[in-house]
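The values are calculated or read from the model by the stated rules, or taken from the named source; none is laboratory data. Because the structure is predicted, anything quoted here is derived from the model rather than measured. Cβ placement follows ideal geometry from the backbone for every residue including glycine, while neighbour counts extend to all protein chains displayed.
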Amino acid sequence: MRQDTKSGTHIKEVIDSIFTTSAVPINLDDIGIWELWDGVVGKKIAKHARPSSIKKGVLWVKVTDSIWLQELEFMTQVIKERMNSKLQRQAIKKIRFRVGEPQDRIQVDKKRSRQENDQDLGPGRRKEMEEILARIKDKELRSSLRKIMMAAAKKRNVR
């Protein structure tokens, strides 16, 4: 484990505190869904369908049009079984498709500026998050965790 020599705080403790606060209500194991998607569904389908979110075992997937939506609804069980097998757990209970612009997580993150993200948080949540992040000395890790926390806050505000 990495340890911050000045304060003596283990990085594990910092990360644990991040994910026990209300600022990040996501299961990190679910991030694998986005990483595995192309391999599970294949390149052809991946061009027309991308996961957009998962909550309480329901995976929401955006598809390019209603034809792909209908086609993928016939494949729901196979996709769910393959994905759960790759994840080695029953993460996905249902898959729901909706027409929209399928985007990679990376594309979505690049489109949103930090200023837009800041608007997603109330002052209390922002302060709580910054206090947690301030304990992380590694700039790259701090930046990555900030992005995760902002994305989670945005999802919570949308729903």
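Residues of the range 72-94 being part of a loop (DSSP other than H, G, I, E, B) and touching a strand residue (DSSP E or B) at 6+ places or on another chain (Cβ under 6 Å), which ones? Show your work before the answer.
If we filter the range 72-94 for residues that are part of a loop (DSSP other than H, G, I, E, B), which is where we start, we get 75, 88-93.
Of everything in the range 72-94, just one residue is part of a loop (DSSP other than H, G, I, E, B) and touching a strand residue (DSSP E or B) at 6+ places or on another chain (Cβ under 6 Å), namely Ile92.
The rows are residues; the columns are (1) touching a Leu at 6+ places or on another chain (Cβ under 6 Å); (2) of a type in the set (Lys, Arg); (3) closer than 18 Å to Lys94 by Cα.
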| site | (1), (2), (3) |
| --- | --- |
| Ile33 | no, no, yes |
| Leu36 | no, no, yes |
| Lys43 | no, yes, no |
| Ala46 | no, no, no |
| Lys56 | no, yes, yes |
| Lys62 | no, yes, yes |
| Leu69 | no, no, yes |
| Phe74 | no, no, yes |
| Lys80 | no, yes, yes |
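Can you find, within the range 34-78, the residue that is modelled with the highest pLDDT among those that are surrounded by fewer than 19 Cβ atoms within 10 Å (Cβ to Cβ) and either of a type in the set (Ser, Thr, Tyr) or not assigned by TED's automatic domain parsing to the domain that holds Gln90 (or both)?
Thr76
Please work out which one of (1) among the hydrophobic types (A, V, I, L, M, F, W, C); (2) within 15 Å of Met83 (Cβ to Cβ); (3) modelled with pLDDT under 90; (4) surrounded by 15 or more Cβ atoms within 10 Å (Cβ to Cβ) is the condition Ile31 fails and give its number.
Condition (4) is where Ile31 drops out.
Does the range 33-56 hold any residues that are without any contact (Cβ under 8 Å) to a residue 40 or more places away in the chain and in contact with an Asp or Glu (Cβ under 8 Å, 6 or more places away or on another chain), and which are they?
Ala46, Ile54
Just one of Arg89, Arg96, Arg82, Arg112 is in the same structural domain as Arg146 (by TED's automatic domain parsing) and either under 30 Å from Leu141 (Cβ atoms) or at pLDDT 90 or above (or both); which is it? Give the steps one after another, and end with the answer.
Values: Arg89 fails: in the same structural domain as Arg146 (by TED's automatic domain parsing); Arg96 fails: in the same structural domain as Arg146 (by TED's automatic domain parsing); Arg82 fails: in the same structural domain as Arg146 (by TED's automatic domain parsing).
The unique qualifying residue is Arg112.
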